[in-house]
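Asker: Below you will find the structure I want to go over with you.
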Amino acid sequence: MRARSILAALALCVGCSVGPDLLEGLPCPCADGWQCDEAAGICIRGAHDGGVDPPRDGATPEPPAPLATTCWVRPEGCDWSREGFTLVDQFGDDRFTDGEARNATFSPDGCSVYYSLRGDIYRVTRSGPREPYGAPEPIASVNGATAYLDAPSLSPDALELFVASDEGVSGTRSVLRAARGTATSAWGPLEEVTALSPPALVTWEPRLAPHGLRLYYAPDDGVQFIHVGERDALGRDFAPPTRVVIEGLEPGYDTNRPSVTHDERVLVGVQQRHADEPTRIGFYVTRSDWNAAWRRAQPLPSSVSLARVGDLSVSPDGCEVLVRSQLSTATTLSYVDP
C-alpha cells in the first residue's frame, strides 16, 4: 500500500520536488541512483560505480576533524597515493597474539587497539605513536555473554562500541552496538544494529570509520565488494548499507576485514578463497576524498612477508598497519615515504 500511495503522489506531483527518503524501502526494481537489497527485496541508496553516495543535504563535504591526540605519527596523515612508499617492520608485539586474538582495530585517537580474544573484547593502550602497548584489559561490561564477540571498534567520542556477534548461534554474524553515557562509564547492553544486520546475511568484521559516520563490513561471500553503512551524526541509527565494488581484486576471492583511515582516502583489507584461510592476502585501495570512487586495488608494499596473513588494520592517520599472521605473531608496520 505504501508503494502505491507514493506512486500515486508522484503521478499527481508535476514540477514539485520529492524527497529521497520517500524512495527508501520501496520494493525492487529500483529507480536510478538506487540498488536492490536482494536479501530484503527493497531499494536502498547506492551508486553502481564503486563509489559511495554524495553527502546528504546538510552533510559536510569532508570528514569531521580528527581528535586531538598524541598518538598519530603525523597530524596530516600519511599519503598512500604516492608511488614508491613501503611499510617496514616497526616491532613485533606478543601481548595480544597468542594465536586466539582476532580482528584488532585502532581506536580513533590511535592510542588503543581493541581486539577479540576467544569471543571476549580486550584493549591494549600505548602512550604515543610507535610505542609498545601495555597489558591487555578486558572490557568486562560487554564480556561474559554466551554470544561470541568479534571485530570491535570505538566511536570517536568513546560512547559507542560496535562488534560482530553470532548472538549464540554458530555460523551467523550480526552487527551489535553498546552505548554509555560517559567515556569512562560501563557499557550498556549490546543491541543489534538492525539496518546492518538484515536476515539471511552474515556481516563479518564490522569496523567503524574513525570519524564514526560510516561503518564498513564484509557480507558473506562478498566477492570484489564490501558494504558501507552511513549515518548523519554520532549516536544515530545507520541507513541500510551501500554495496561498494572494489576493482582489481581476485574474482574468485572473498573480500573482508576492511578498515579505513580517518579521511577515508585509504582502505586496507584481505581477500581469500572462500573458507580457505591459508590463501588470505592483504590489499589496499586509495581515493581522492571520502566521497570519491575507489581506485584499483593494490598489494600492500610491505618489507615483510604477508603470506598467511590472519587479519590487518590501518591506523587512523594511515601511518601504521597492524598485521596478525596465522602463525600467531603480530607485527606493526610503519609507513615510509618514497
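The values are calculated or read from the model by the stated rules, or taken from the named source; none is laboratory data. Because the structure is predicted, anything quoted here is derived from the model rather than measured. Cβ placement follows ideal geometry from the backbone for every residue including glycine, while neighbour counts extend to all protein chains displayed.
Asker: Would you mention how many residues in the range 127-159 are of a type outside the set (Phe, Trp, Tyr) and more than 26 Å from residue 213 (Cβ to Cβ)?
Answerer: If we filter the range 127-159 for residues that are of a type outside the set (Phe, Trp, Tyr), which is where we start, we get 127-132, 134-147, 149-159.
This time we only want the ones that are more than 26 Å from residue 213 (Cβ to Cβ), so: 127-128, 130-132, 134-138, 140, 143-147.
So the answer is 16.
Asker: Give just the number: which of (1) more than 21 Å from the chain's Cα centre (by Cα); (2) modelled with pLDDT under 85; (3) within 29 Å of residue 166 (Cβ to Cβ) does residue 39 not satisfy?
Answerer: (1)
Asker: Does any residue of the range 83-99 turn out to be part of a loop (DSSP other than H, G, I, E, B), of a type in the set (Ser, Thr, Tyr), under 20 Å from residue 324 (Cβ atoms) and at pLDDT 80 or above? I'd like the intermediate steps shown before the answer.
Answerer: Step one: list which residues in the range 83-99 are part of a loop (DSSP other than H, G, I, E, B), which gives 83-85, 93-99.
Add one more test, that the residue is of a type in the set (Ser, Thr, Tyr), and what stays is 97.
Imposing the further condition that a residue be under 20 Å from residue 324 (Cβ atoms) reduces the set to 97.
Now restrict to residues that are at pLDDT 80 or above: none.
No, the conditions are met nowhere in the range 83-99.
Asker: Could you list, in sequence order, the residues of the range 118-153 that are part of a strand (DSSP E or B) and touching a Phe, Trp or Tyr at 6+ places or on another chain (Cβ under 7 Å)?
Answerer: The first filter runs over the range 118-153 and keeps only residues part of a strand (DSSP E or B), leaving 120-125, 137-138, 149-153.
Residues satisfying the conditions are 121, 122, 123, 124, 125, 137, 138, 152, 153.
Asker: Further question: Mind checking which pairs have a first residue in the range 140-160 that is more than 18 Å from residue 106 (Cα to Cα) and a second that is modelled with pLDDT of 90 or more and part of a loop (DSSP other than H, G, I, E, B), Cβ under 7 Å, 6 or more apart or different chains?
Answerer: Matching pairs, first to second residue: 141/186; 141/187; 142/187; 142/190.
Asker: Still on this structure, please answer the following. Can you confirm whether residue 321 is in contact (Cβ under 8 Å) with a residue 60 or more places away in the chain, assigned to a loop (DSSP other than H, G, I, E, B) and in contact with a Leu (Cβ under 8 Å, 6 or more places away or on another chain)? Before the answer, list the steps.
Answerer: Numbers: in contact (Cβ under 8 Å) with a residue 60 or more places away in the chain: yes; assigned to a loop (DSSP other than H, G, I, E, B): no; in contact with a Leu (Cβ under 8 Å, 6 or more places away or on another chain): yes.
Against the criterion (in contact (Cβ under 8 Å) with a residue 60 or more places away in the chain, assigned to a loop (DSSP other than H, G, I, E, B) and in contact with a Leu (Cβ under 8 Å, 6 or more places away or on another chain)), residue 321 does not qualify.
Asker: Also, quick follow-up: Residues of the range 118-131 being touching an Asp or Glu at 6+ places or on another chain (Cβ under 6 Å) and surrounded by fewer than 18 Cβ atoms within 10 Å (Cβ to Cβ), which ones? Steps first, please.
Answerer: Step one: filter the range 118-131 for residues touching an Asp or Glu at 6+ places or on another chain (Cβ under 6 Å), giving 118, 123.
Within the range 118-131, 118 is the sole residue that qualifies.
Asker: If you don't mind, another one. Taking the criterion of being of a type in the set (A, V, I, L, M) and more than 19 Å from the chain's Cα centre (by Cα), would at least one residue in the range 164-181 satisfy it? Show your work before the answer.
Answerer: Keep residues of the range 164-181 that are of a type in the set (A, V, I, L, M), which gives 164, 169, 175-176, 178-179.
Next cut, more than 19 Å from the chain's Cα centre (by Cα) only: 169.
Scanning the range 164-181 turns up at least one residue that is of a type in the set (A, V, I, L, M) and more than 19 Å from the chain's Cα centre (by Cα).
Asker: Give the range 324-337 a look and list any residue that's hydrophobic (A, V, I, L, M, F, W, C) and in contact (Cβ under 8 Å) with a residue 60 or more places away in the chain, or say none. Outline the logic, then answer.
Answerer: Looking only at the range 324-337, we keep the residues that are hydrophobic (A, V, I, L, M, F, W, C), and these are 327, 330, 333, 336.
330, 333, 336, listed by residue number.
Asker: Still on this structure, I have one more. Is there a residue in the range 229-241 that is modelled with pLDDT under 85 and surrounded by 20 or more Cβ atoms within 10 Å (Cβ to Cβ)? Spell out how you get there, then give the answer.
Answerer: Here is the first cut: in the range 229-241, the residues modelled with pLDDT under 85 are none.
Within the range 229-241, none of the residues are modelled with pLDDT under 85 and surrounded by 20 or more Cβ atoms within 10 Å (Cβ to Cβ).
Asker: So, one more: Looking at (1) farther than 22 Å from residue 108 by Cβ; (2) assigned to a strand (DSSP E or B); (3) at pLDDT 85 or above, which is the only condition residue 272 fails?
Answerer: Going through (1) farther than 22 Å from residue 108 by Cβ; (2) assigned to a strand (DSSP E or B); (3) at pLDDT 85 or above one by one, residue 272 breaks only (3).
Asker: Then there is this: Restricting the range 242-251 to residues that are touching a residue at least 40 places away in the same chain (Cβ under 8 Å) and part of a loop (DSSP other than H, G, I, E, B), which is surrounded by the most Cβ atoms within 10 Å (Cβ to Cβ)? Write out each step before concluding.
Answerer: As a first pass, look at the range 242-251 and keep what is touching a residue at least 40 places away in the same chain (Cβ under 8 Å): 242-249.
Filter again for part of a loop (DSSP other than H, G, I, E, B), leaving 246-249.
Working: 246: 22, 247: 13, 248: 13, 249: 20.
Step by step, filter the range 242-251, then rank; the result is 246.
Asker: Please identify the pairs in which a residue from the range 292-305 that is more than 14 Å from residue 83 (Cα to Cα) has its Cβ atom under 7 Å from the Cβ atom of a residue that is in a loop (DSSP other than H, G, I, E, B) and at pLDDT 90 or above, counting only partners at least 6 apart or on another chain.
Answerer: Pairs that qualify, where the first residue is more than 14 Å from residue 83 (Cα to Cα) and the partner is in a loop (DSSP other than H, G, I, E, B) and at pLDDT 90 or above, are 293/287; 294/287.
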